[in-house]
Amino acid sequence: MDPAPANNAVYMLASRKHGTLYVGVTSDLIKRIHEHREDLRPGFTSRYGVKRLVWFRRCFTVVEAIWWEKRLKKYRRDWKINLIEQDNPNWDDLYPNLF
């Protein structure tokens with residue numbers, strides 16, 4: 001989780017520890033995670049209850065964030081789990097810490 005002074009971010013959500021994962025990108029991390037949590041947009045995360053922010057990386061540009069998203073989506077599940085557990089071994093919900 002990089003402390004870059006930007007709103008652009010790539011992120012991973014989970015339904016629970018070792019549960020369903022979702023990789024996304026946004027130009028407004030707080031707003032987008034709120035949308036996932038409140039099911040404000042229909043889709044994968046609302047259908048499968050994927051609401052827990054378990055990993056994110058802030059990026060200086062949306063292009064960089066998209067590059068990270070594409071890279072993460074290519075990796076196998078076990079690699080994503082290892083990435084999450086490097087910084088968040090308990091899979092805590094990081095959303096409250098964004099404020």
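Coordinate-derived values only; no laboratory data. The structure displayed is predicted, hence computed values, not measured ones. Glycine also receives a Cβ, built like all others from the backbone with ideal geometry; neighbour counts cover every protein chain displayed.
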Phi-derived 3J(HN,Hα) across the range 54-71 with the Karplus relation (6.51, -1.76, 1.60, θ = phi - 60°), rounded Hz, x for Gly and Pro, is 10, 7, 7, 9, 6, 10, 6, 10, 5, 4, 5, 4, 5, 4, 4, 4, 4, 5
Which loop trypsin sites (Lys or Arg not before Pro) in the range 1-77, with loop taken from DSSP, have no more than 11 other Cβ atoms within 10 angstrom of their Cβ? Arg76
Please give the calculated 222 nm ellipticity per residue for the chain, where each DSSP H segment of at least 4 residues contributes -39500 (n - 2.57) and the sum is spread over every residue; nearest 500 deg cm²/dmol? -11000 deg cm²/dmol
Based on Cβ point charges of +1 for Lys and Arg and -1 for Asp and Glu, what charge dipole magnitude is obtained for the chain about its Cα centre, in debye rounded to the nearest 20? 420 debye
Explain nothing, just compute: Karplus ³J(HN,Hα) = 6.51 cos²θ - 1.76 cosθ + 1.60, θ = phi - 60°, for every residue of the range 74-89 in order, whole Hz, x for Gly and Pro. 7, 6, 5, 4, 5, 5, 5, 4, 4, 5, 4, 6, 4, 9, 9, x
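Taking the range 28-91, which chymotrypsin sites (Phe, Trp or Tyr not before Pro) meet the DSSP loop condition and have no more than 13 other C-beta atoms within 10 Å? Intermediate results must be reported in sequence, preceding the final value.
Numbers: sites: Phe44, Tyr48, Trp55, Phe56, Phe60, Trp67, Trp68, Tyr75, Trp79, Trp91; in loops: Phe60, Tyr75, Trp91.
Here the sparse-neighbourhood loop sites are Phe60, Tyr75.
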